[in-house]
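The values are calculated or read from the model by the stated rules, or taken from the named source; none is laboratory data. Computed from a prediction, not measured in an experiment: that's the story for all the values here. In this analysis, Cβ positions are derived from the backbone assuming ideal geometry, glycine residues included, and neighbour counts consider all displayed protein chains. Accessible surface areas use protein heavy atoms only, side chains included; no ligands, DNA or RNA. Shrake-Rupley method; radii C 1.70, N 1.55, O 1.52, S 1.80 Å.
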Amino acid sequence: MLRIILSEFGRIFSKKSTKIIFLITALFPVLIFYFFQQRWGTDYYIVNGVKYSLNNLNYPVTQMLEYNFLVLFIILPLFFSESLSSEIDSGGYKMILLRPFKKWKLLVGKWIVLVLTYMSMLLCVFLINFLIGNLFLPHVEFTSYYNINEKLNLFDSMIYNLKFYLIILMVHVAVLPIISILSIAFKKTILSFFGSIALMIGGMYISLPLQNILFNTPDVAYSIIGGTYELINMLIFILVTLLIFGVSLWMWNKRIGSIV
Amino acid sequence: MFRSLFIYEFEKFWFKKINIVCLIAILIVNLLSLKFALQSNKTADMTDIVFNSSLNFHITSLQEMLLTAFNAIVITFCILSFHEEYRKGYLRMTFMRGISIRKLYIAKSLVMSLNILLTIIIHLIISLLIALIVLPKTSTSPLYFKEGLYGISDVVFFSIKYYFLAYFSLLTFGSIIEFLSIKSRSIAGVLGLSLGFVFLNFIYISYVSFLFKNYPVSDPLVLKYNSLSFVFVQAKGVAYFASGITDVFLYSLIFMYLIFKSLSYLAFTNKNYLE
């Protein structure tokens with residue numbers, strides 16, 4: 001398994017598109033900072049109607065709305081479909097399948113690598129936001145967050161931030177099984193890309209909780225950590241995601257040999 | 001010769017299943033718009049612009065989906081028609097028959113324009129039908145950027161202008177994607193560049209709004225600068241044009257269309273491709 005993962009890592013990082021996507025996600029927080037803080041002078045953020053001042057401790061979690069939209073609806077569908085569909089579509093995946101490994105292991109290896117790569121992108125975003133917060137935002141020793149009564153110090157604030165990013169990661173990873181299913185079903189990169197976006201937008205029209213999870217992900221994360229979110233919605237979301245992971249693994253195992 | 005080339009391109013377009021999926025998607029897009037319309041109608045008054053009726057649903061649904069679903073359809077059409085054939089080398093087979101590359105580009109462009117027109121017309125027919133069946137029937141309706149309620153003749157005139165500029169904005173966007181499709185080496189590259197272009201447009205709009213923050217939003221100078229962003233044209237410019245406030249959006253689209261179409265033509269007819 002480790003060899004599969006290392007080989008996937010090698011292939012993913014040899015692609016120019018991965019480097020460009022990495023660069024975009026790293027530059028985006030800088031762009032947001034330039035426009036929102038430098039140009040427009042925004043010094044607060046609002047959660048469910050409650051206004052909070054920006055400072056070095058809370059800055060990393062307060063700049064995620066635009067990032068969430070860009071990543072969930074553009075970057076991740078592009079990144080995942082480039083890795084899954086384009087190899088199948090071009091026929092290059094045939095060479096990988098020739099190796100003496102179980103097919104499902106190849107897909108699981110791919111998933112692990114994609115999730116780890118995206119995790120490192122998200123970590124990069126966190127570190128850049130943390131750096132911006134410490135360099136340019138007012139310094140405080142304690143800060144408050146949505147629906148948390150006590151003031152958090154640097155350590156507790158970092159824990160809060162990491163929990164927040166973990167929730168964002170969990171929501172974003174849900175794009176992966178959708179792309180996997182579409183890649184198997186349609187093979188074409190363009191279809192898996194637009195298909196995943198269409199499914200997410202379609203789902204948002206149909207279900208209000210899904211609309212909140214996908215579109216207002218940061219607000220959902222504040223509410224979950226603050227204890228005001230109806231956790232059943234998130235549990236259903238995670239269960240459905242796991243179910244789609246399972247179905248795509250089953251479909252991949254069954255069909256990949258015949259479609260490449 | 002050109003006629004057969006045109007028919008050949010047309011047949012090739014319809015042979016691809018993805019193009020048919022795109023046209024079927026229009027029905028789904030309309031149903032999603034309808035769901036949103038029914039939700040808005042619960043809280044909106046009949047004189048509100050967000051109130052959807054049999055008279056204005058074809059306008060509100062296009063307004064909602066022009067920037068998203070229709071642009072996605074145009075990107076798909078362009079990638080399949082230009083990128084796949086040009087970059088994967090399928091066109092080399094065509095040129096074995098001694099066909100003029102210039103004529104082929106013109107035929108492809110005509111087929112593309114015709115199919116985008118067809119997409120818009122299908123949307124119009126489906127939305128009119130859905131509105132007639134499901135939404136409340138009214139004899140007057142409010143229109144974007146116009147005060148008061150308007151009768152059927154005004155709505156028809158508004159719709160013709162609205163659909164015309166919406167169609168032209170899609171053609172312009174198509175010419176940009178054509179250029180990117182020819183120049184980019186991978187589908188992911190075309191998708192990334194296309195969406196990057198859309199994203200840059202949003203940044204440009206934000207920059208213009210910051211630059212002219214002391215001006216009213218419908219000031220001619222602000223509209224002139226915003227007209228250079230096709231995203232703004234699709235989001236608001238089409239309605240400004242249809243309501244008769246300004247024609248600047250039409251001129252800017254013609255300007256962008258000519259530039260990108262010329263660039264695409266030069267890139268497509270580059271002789272190096274045949275070597």
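Taking the protein heavy atoms of chain A in the context of the full set of protein chains, the accessible area attributed to carbon and sulfur is 70 percent at 1.4 Å.
Helix A:76-90 and the longest principal axis of the Cα set of chain A meet at an angle near 10°. P(r) tail, the protein assembly as shown: Cα-Cα pairs separated by more than 33 Å, 48% of all pairs. Between the Cα long axis of helix B:101-134 and the first principal axis of chain B there is an angle of about 30°, rounded to the nearest 10.
With Cα atoms defining each centre, the stretch A:63-92 and the stretch B:176-227 are spaced 21 Å apart in the structure. Each residue, A:LYS254 and A:ILE232, gets one label point 7 Å from its Cα in the Cβ direction; the gap between the two is 3.2 nm.
Using the alpha carbons alone, the radius of gyration of the stretch A:108-159 stands to its Kirkwood radius in an Rg to Rh ratio of 1.15.
Here each label is just a point 7 Å from Cα along the line to Cβ, and for B:LEU31 and B:PHE197 those points are 3.2 nm apart. Label-to-label distance, A:LEU65 versus A:LEU31, with points set 7 angstrom from Cα along the beta-carbon direction: 1.8 nm.
Given R0 = 51 Å, the distance between the Cβ atoms of B:PHE145 and A:LEU2 translates into a calculated FRET efficiency of 0.25.
To put it simply, the accessible area of the stretch B:204-275 at a 1.4 Å probe is 65 percent carbon and sulfur.
Across the stretch A:144-260, Cα-Cα distances exceeding 22 Å account for 44% of all pairs. So which residues of the stretch A:187-203 lose at least 40 Å² of accessible area, probe 1.4 Å, when you go from the chain by itself to every protein chain present? Listed in order, they are A:LYS188, A:ILE190, A:LEU191, A:PHE194. The fraction of Cα-Cα pairs per 5 angstrom bin, counted from 0 for chain B, comes to 1, 6, 12, 15, 16, 15, 13, 10, 6, 4, 2, 1, 0 percent, rounded to whole percents. Placing a label point 7 Å from the Cα of A:SER90 along the Cα-to-Cβ direction, the residues of the stretch A:170-185 whose backbone N falls under 18 Å of that point are A:183-184. Along its principal axes, chain A has C-alpha extents of 58, 36, 31 angstrom, given from the largest down. Using the 1.4 Å probe convention, the accessible area of the protein assembly as shown works out to 46 Å² per residue with neighbouring protein chains retained. Across peptide B:201-208, the average count of Cβ atoms from other chains found within 10 Å of a residue's Cβ is 1. Residues A:TRP111, B:TRP14, A:TRP40, A:TRP250 ordered from highest to lowest accessible area at a 1.4 Å probe: A:TRP250, A:TRP40, B:TRP14, A:TRP111. Ordered by solvent-accessible area of protein heavy atoms (1.4 Å probe), largest first, the residues A:HIS139, B:HIS123 come out as A:HIS139, B:HIS123.
Hey, quick one: spin label on B:GLU11, modelled 7 Å out along Cα-Cβ, who in the stretch B:113-129 has an amide N within reach, i.e. under 13 Å? Taking a point 7 Å out along Cα→Cβ of B:GLU11, no residue of the stretch B:113-129 has its backbone N under 13 Å.
For chain B, the longest principal axis of the C-alpha atoms and the axis of helix B:2-15 are separated by about 70°.
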